[in-house]
Amino acid sequence: MRGQLRDLPRSECVICKGYKRLCGLDRCPIISDIMERFGTKAEKSFLGATPPFVLVGEYNYPNVRVGPAVAGDPELAVKAEDHRFLLERNLLEIARIRTSHIIAKLSRERDLEEIRLSSMSERPVQLEVEIEKLKRKSFFDSIVPPVGPVADAKSVKLSEEPKVPSKIEKVVYDTDLRAVDAVKELYLSGIDVYHSTRLLSLGMLGARERRRLVPTRWSITAVDSMLGDFLKRKVLELPEYSGDILLYKYEFNDNRYVVLLLPGVYQLKIAEVWLPRGLWTSDKEEVITNYENPVRGFELMDGGHYAMRLPVLEHLIRMRRQATCIAIREIGPGYFIPVGNWQIRESLRKAFLSEPERYDSLREALSSILSGLRSRIRIEIPRGIGRLDEFL
């Protein structure tokens, strides 16, 4: 299968990232190779903590299968969902922590209600799980975080009371509230996007007649998109930034992130650069770009780009200004295991916590960017920022 893949244009791999099946194969050979390296044993019956993370599949949608991630070690359950902790770990550590869980695929409808209750909790809760048969090895994806082996579960039972924040309880039981408004309310109340994603995926948000299970991968991008659209409207009401050119940087396991903020109206240009001999590339560099302006959204639907947009907009809200933004993600061969797009979101959030480099001229800022990248991409300035000779 790997040989077949090499005969295909690798630019398709960069766009597909292992889940769009553009090559026509049932499973991505690159992801399959990685899956062979990780996993844990599944006992027939055990008591474990759900992180809480729940995987909702896509196969046979809308008749999808649901499985909570259950860890025998409660400490691992906490670490698996602590994204700030994971951001400081290397890829092998992240993969081992995340794949130490069993995905207990539910077989009974009444077990789903137990999982919904556990998913409302702000901390891991104990589940009693009885396993029938191990179905699949560990699972890796460019959007969904790594998960451990999948096993059919005879039964799943909540063995302790979940600790549910009052705001979550309110929106879950409000069956007249639209899903987009529920996600917005949770965000404004300080509930993190990962919790909202879990609730949306399990069909616990929105008007009663519209609630349904949503595959995990879809719900991750949906929450980023809904919150991004909400924050974008807020940003467009703000005055334009008029200070120095600001440059923010951060690096995560051979992912180099650079964000440039320029005076002007809000626009966002994204460049995603995959260096040669990387996870999805052969001996040729591959570049994907995306763009949005005040009127139009992204030209390309890409979950990673929505994950990049959210922290950019969050930072503009904190600045109380709108600005023209260029965000670059350069991915080298050292990023050899996909760990999900949470690292994109959290890397940019971390970048914005640092003190930015300040420049008077665009020429100096671009020189600093290019000196820190291995690629020699041509950086295009978004349209409509005014006279470029003011910055050059």
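The values are calculated or read from the model by the stated rules, or taken from the named source; none is laboratory data. All figures in this text were calculated on a predicted structure; none of them were measured in a lab. In this analysis, Cβ positions are derived from the backbone assuming ideal geometry, glycine residues included, and neighbour counts consider all displayed protein chains.
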Glu209 versus (1) farther than 30 Å from Pro62 by Cβ; (2) without any contact (Cβ under 8 Å) to a residue 12 or more places away in the chain: which is the lone unmet condition?
(1)
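Each row is one residue, and each column tells you yes or no for (1) assigned to a loop (DSSP other than H, G, I, E, B); (2) modelled with pLDDT under 95.
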residue	(1), (2)
Ser142	yes, yes
Pro145	yes, yes
Ala153	no, yes
Lys184	no, no
Gly190	yes, no
Ser196	no, no
Leu205	yes, no
Arg217	no, yes
Val223	no, no
Does Arg233 satisfy the condition of being more than 18 Å from the chain's Cα centre (by Cα) and in a loop (DSSP other than H, G, I, E, B)?
no
Please state which one of Arg358, Arg318, Arg374, Arg378 is assigned to a helix (DSSP H, G or I) and charged (D, E, K, R).
Arg318
Can we say Val171 is surrounded by 18 or more Cβ atoms within 10 Å (Cβ to Cβ), outside any strand (DSSP E or B) and not basic (Lys, Arg)?
yes
Selected residue [surrounded by 14 or more Cβ atoms within 10 Å (Cβ to Cβ), within 18 Å of the chain's Cα centre (by Cα) and under 18 Å from Ser201 (Cα atoms)] from Ile143, Ile94
Ile143
For region 281-303, indicate whether the set of residues that are crowded, with 22+ Cβ neighbours inside 10 Å and aliphatic (A, V, I, L, M) is non-empty.
no
Of everything in region 332-363, what is surrounded by fewer than 21 Cβ atoms within 10 Å (Cβ to Cβ) and either free of Cβ contacts under 8 Å to residues at least 60 places away in the same chain or polar (S, T, N, Q) (or both)? Give them in sequence order.
Arg349, Leu353, Ser354, Glu355, Ser361, Arg363
Please go through region 369-378 and pick out each residue that is surrounded by 15 or more Cβ atoms within 10 Å (Cβ to Cβ) and either in contact with an Asp or Glu (Cβ under 8 Å, 6 or more places away or on another chain) or hydroxyl-bearing (Ser, Thr, Tyr) (or both).
Leu373, Ser375
Which condition number in (1) closer than 18 Å to Tyr248 by Cα; (2) part of a helix (DSSP H, G or I) is the one that Tyr306 fails?
(1)
Within the set of pairs 6+ apart or on separate chains, which have a first residue in region 97-124 that is surrounded by 20 or more Cβ atoms within 10 Å (Cβ to Cβ), a second that is charged (D, E, K, R) and in a helix (DSSP H, G or I), and C-beta atoms under 9 Å apart?
Ile97/Lys79; Ala104/Asp111; Leu106/Glu114; Ser119/Arg198; Met120/Glu169; Met120/Arg198
Search result, residues across region 152-163 that are small (Gly, Ala, Ser) and within 20 Å of Ser201 (Cα to Cα):
Ala153
Report yes if some residue within region 308-316 is in contact with an Asp or Glu (Cβ under 7 Å, 6 or more places away or on another chain), outside the structural domain of Arg84 (by TED's automatic domain parsing), hydrophobic (A, V, I, L, M, F, W, C) and closer than 22 Å to Glu88 by Cβ; otherwise report no.
yes
Of the listed residues (Leu22, Leu86, Leu76, Leu55), the one being at pLDDT 85 or above, under 24 Å from the mean Cα position of the chain (by Cα) and not in a strand (DSSP E or B) is Leu86
